[in-house]
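Here, each number is a calculation from the coordinates, and none is a lab measurement. Please read all numbers here as calculations on a predicted model, not as lab measurements. When we count neighbours, we look across all protein chains shown, and the Cβ atoms used for this are built from the backbone with ideal geometry, even at glycine.
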């Protein structure tokens, strides 16, 4: 059993593709297949299987995969510790991010990080908040941006933004300067189901009205949600940072009382124990936001 075999196993499952994994390692697809086959032969059990849903680990394969990720993570940590002693000259850091952060913060933070540590290879995994939590727990990524609450992980707050009301230009509430939760309760609402924001909105509605929000449609993509608002299918309470800079054919109004979403970075381990590269990223994220947003 070799580290390369374990790394290839992780990448095949992660990318759901033998050919894509081969490209990542600059080897042929048969080379990837042989690597998996040799590992399975040595262990005497099937680790991955293909079906109509794609490539996925077997029950035992899933257990092996978790150990493999821990081993590879430990090896990366050793390399980063050595790199830190040399001034963080080389290494790799895997970061998880979601839409609003990717658009508003991440490019600037990455630029600052690359200026300071040009030979640290940054890998960005963009997904939903739920996917980012799963990636952290499975050690697929080192750290990731999340929204609170997030009880399963070690977290550090970074910034907060206001939740705002987005509605069609022609709407009974369009002439308001601010909109209250009680007013929202009278109209059909939209929500992105894979975001912690629905927890904040639920709590605000329960506190103000004693009822759940009148959600009519739940979608997974903020672009879909905004398109539905423009078509008059409902209104939504959305984090300000999630809105595109060129929002058209829709109005954005403040919510009363103010409701804030908190954004932070999360890790599976205490931040005092994360790798030097990850710690440097956390520090630079705070500095970038202080200088550019806060």
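Listing for the model above:
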quantity: Most mobile of 226, 93, 212 in a GNM of the chain (Cα contacts under 10 Å); calculated: 212
quantity: Choice from 55, 136, 238 showing the highest fluctuation, given a GNM over the chain with Cα pairs closer than 10 Å; calculated: 55
quantity: Contact order relative to length of the stretch 1-84, as percent, for alpha carbon pairs under 8 angstrom and 6 or more apart; calculated: 29
quantity: Shape of the stretch 160-262, Cα gyration tensor, a/c cut at 1.5; calculated: rounded
quantity: Listed candidates (i) 41, 24, 16; (ii) 29, 26, 20; (iii) 31, 24, 17 - label of the one calculated as semi-axes √(5λ) of the Cα gyration tensor in Å; calculated: (i)
quantity: Cα-projected label distance for residue 256 with residue 160, points at 7 Å along beta-carbon direction, nm; calculated: 2.0
quantity: C-alpha long axis of helix 3-15 to longest principal axis of the chain, angle in °; calculated: 30
quantity: Residue with peak Gaussian network fluctuation, the chain [Cα springs, cutoff 10 Å], from 99, 91, 210; calculated: 210
quantity: Residues 67, 34 arranged by fewest to most Cβ contacts within 10 Å; calculated: 67, 34
quantity: Considering only the stretch 160-262, percent of DSSP beta bridges that pair antiparallel, nearest 5; calculated: 60
quantity: Degrees between helix 29-43 axis and first principal axis of the chain (Cα, 0 to 90, nearest 10); calculated: 70
